[in-house]
1. Can you name every residue in the range A:253-265 that is modelled with pLDDT under 90 and within 19 Å of A:L233 (Cβ to Cβ)?
2. Just checking, does the range A:147-161 include any residue being among the polar types (S, T, N, Q), modelled with pLDDT of 90 or more, in contact with an Asp or Glu (Cβ under 6 Å, 6 or more places away or on another chain) and surrounded by 15 or more Cβ atoms within 10 Å (Cβ to Cβ)?
3. Examine the range A:238-249 for a residue that is away from every other protein chain (no Cβ under 14 Å), surrounded by fewer than 22 Cβ atoms within 10 Å (Cβ to Cβ) and modelled with pLDDT of 95 or more, and state whether such a residue exists.
4. Check every one of the helices (runs of 4 or more DSSP H) wholly within the range B:245-319 and list those with 3 or more residues that are among the polar types (S, T, N, Q) and in contact (Cβ under 8 Å) with a residue 24 or more places away in the chain.
5. Every residue in the range B:5-26 that is among the β-branched types (V, I, T) and more than 12 Å from chain A (Cβ to nearest Cβ), please.
6. Can we say B:I175 is within 14 Å of chain A (Cβ to nearest Cβ) and within 25 Å of B:V54 (Cα to Cα)?
7. What number of residues within the range A:264-289 satisfy the criterion of being within 12 Å of chain B (Cβ to nearest Cβ) and at negative phi?
Amino acid sequence: MRHFPSHALKGAILAALTAFPAFAFDGQTITDATGREVLVPANPARVFAAGPPASTLLYTLKPEAMVGWVRAPKKGDLPFLLPATAELPELGRLTGKGDTLNLEGLLASEPDLIVDYGTVNDTYKDLAARVQEQAGVPYVLIDGSFAALPQSIRDMGKVLAVPERAETLAAYAEAALAENDALLAEIPEDQRPTVYLARGPEGLETAGKGSINAEIIERVGGRNVAEVESKGLANVSPEQVQGWAPEVIITIDRDFAANVGSMPEWQGVPAVKNGRVYLAPSAPFGFIDTPPSVNRLIGLKWLAHKLYPDHAKGDLKADVAAFYGLFYGVKPDEAAITALLGG
Amino acid sequence: MLGLIAALLVGAAVGPYPLSLRQIAEVLSGGGEAQAQTVLWNIRLPRVFAAALVGAALSAAGAAYQTVFRNPLVSPDILGVSAGAGFGAVLGILLGLPVMAIQMAGFGAGIGTVALVMLLSLSLRGGGQVLVLVLCGIAVGALAGAGISLVKLLADPEQQLPAITFWLMGSLAGIKRPDVAAALPAILLGLAPLIALRWRIGILSLGDDEARSMGIEAGRLRLLVIACATLMTSASVAMAGVIGWIGLMVPHMARLITGPRFDRLLPVAMLTGAGFMVLVDTAARTIAVMEVPLGILTAVLGAPVFVWLLTRGAKSWAE
């Protein structure tokens, strides 16, 4: 019983502290993906991204407003990021029970807005409302599905008060999706390769149809062999992969890509036999997922070139350079792009 | 014995890659297509063999522990070996080590954990007593468990965390011939003294004083049994991840067949464990498209079988 008064006291102090900022300045009212009406500042200057997908989207739209990274960029990512963002602190993520950040740490970074970009369900809706109430910082959740990408970019642009920038990126996203659809219209279903997504150094983690980690494969028309029941990641045996006999393997693991040719249990798989194992580039953000955000737009083009070398149009290196320039604000030279794409 | 052979045959014949019995027979006699050879020699047979090995090792370790600690509730994990080996391996995953190094880290940490428990208990007052030993094991095991949680917290949630989760639930999915070759010597080295000394170990179940009156130094023999069981369990966990239940349950199953005498119990427990593990692993790789972790299956399949056995033949296990 000793604890009770102290809790009540804390709650009262917190309420007193947090009731204040929300009404302290002018703002706009946004209805976010969960249907909540949120009063956000007119021009947010210190924005906290709740998870890696939101972090990437925030970086592409308004890097100067970032208060930190969810996870600090690795050394190999730095050449592809604006130097000013390289020094930002790692703050951790805010995703319910898996938090690596406490609210006091969040408040210490003095954000005027929290944005999240990803799955919209009751858990995240509730989380957004709770954090907003407890921390007194407006919390906006934007739909992270692939199909909604252009609209989500515009929504986020509106929240961040950078509508022109958002319009440019959204137009790029629409063009990329349209180009992808046009390409698929040329290629009959039965000429699209079967694809296995290999994760982990052994290549035995995969993601099935309908999982956010493999969504892009179907979007490019690849036929994902893993018809697994789970929405997330699954473990499979090499024998299962042999049985599936995928024509193409896409991997995000450097070790696996380097070693698969000499791993006895992978011999005879068509993709390995025909040299069609492709390592997805990952700097500064992954091409396939990690995180599932706007970075997947360039993954679409890359994957089209890998799955349909005879049909895919355009110069991949030029496309990558253009994308990095537009979205990430960097101009990697020819050698850097070649290295990024694995030669 | 026949049961084990039948289980091995089922394990070799069934799998997600379609192979007819004729194809299997062709490959086994040295022929067959290249693809069937790859599947059978590089994937399926090493895995079936590994399952048999892990099953036998965990069951033997469990039977030995239950006998020397004179307690039917004891499993090979009692001195923290699984938690320790698990901690070593997930630390290896966190550091991004090669697969073989991850297994070595697990093996080393499992042995290290038990060594620490032994040193700790011997340095305490009343050291060498079973109760002190077990309490030290529980304490160190809890520390290792906390270490695992910490590693999970630090791990990259998109790539490392799923790998750690799968690993802690136990799986033979990625097993290769070199993995089996690496674990085999350690397991045989642990099994050999248990088999050779099975009479003497059996006498420990009568109590330390009786053993002494028959000229057996209980403390030293118990140390040897712990060392052997730790060696085998560490090697198993390093190869297959953490697989619960087998080490606790199979010795009881075997005891229902043989009665409590360790010299009879040990071989039956090993055969039963090997056969059971092969069947469980066959189920793990065939009942769904994705791998079902062994830790889940051993409990789901094992617990009902175990209860059924208890209701049938409760006469001989509580002597």
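The values are calculated or read from the model by the stated rules, or taken from the named source; none is laboratory data. Note that the structure is predicted; figures quoted are calculated from it, not measured. A quick note on method: Cβ atoms are made from the backbone with ideal geometry, for glycine too, and the neighbour counts reach across all protein chains shown.
1. Hits for the range A:253-265 are A:D253, A:R254, A:D255.
2. If we filter the range A:147-161 for residues that are among the polar types (S, T, N, Q), which is where we start, we get A:151-152.
Now drop any that are not modelled with pLDDT of 90 or more, which leaves A:151-152.
In the following step, the residues that additionally are in contact with an Asp or Glu (Cβ under 6 Å, 6 or more places away or on another chain) were identified as A:152.
Filter once more, so that each one left must be surrounded by 15 or more Cβ atoms within 10 Å (Cβ to Cβ): A:152.
Checking the range A:147-161: at least one residue is among the polar types (S, T, N, Q), modelled with pLDDT of 90 or more, in contact with an Asp or Glu (Cβ under 6 Å, 6 or more places away or on another chain) and surrounded by 15 or more Cβ atoms within 10 Å (Cβ to Cβ).
3. Going residue by residue through the range A:238-249, those that are away from every other protein chain (no Cβ under 14 Å) are A:247-249.
Going one step further and asking which of them are surrounded by fewer than 22 Cβ atoms within 10 Å (Cβ to Cβ), we end up with A:247.
When the remaining residues are screened for being modelled with pLDDT of 95 or more, the result is A:247.
The answer is yes, given that some residue of the range A:238-249 is away from every other protein chain (no Cβ under 14 Å), surrounded by fewer than 22 Cβ atoms within 10 Å (Cβ to Cβ) and modelled with pLDDT of 95 or more.
4. B:262-286
5. Correct list: B:I5, B:V10, B:I24.
6. Answer is yes for this residue.
7. 13
For every residue, the table says whether it meets (1) surrounded by fewer than 24 Cβ atoms within 10 Å (Cβ to Cβ); (2) within 30 Å of B:A181 (Cα to Cα); (3) among the hydrophobic types (A, V, I, L, M, F, W, C); (4) at pLDDT 85 or above.
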| residue | (1), (2), (3), (4) |
| --- | --- |
| B:R200 | yes, no, no, yes |
| B:A229 | no, yes, yes, yes |
| B:G247 | no, yes, no, yes |
| B:H252 | yes, yes, no, yes |
| B:G275 | no, yes, no, yes |
| B:L279 | yes, yes, yes, yes |
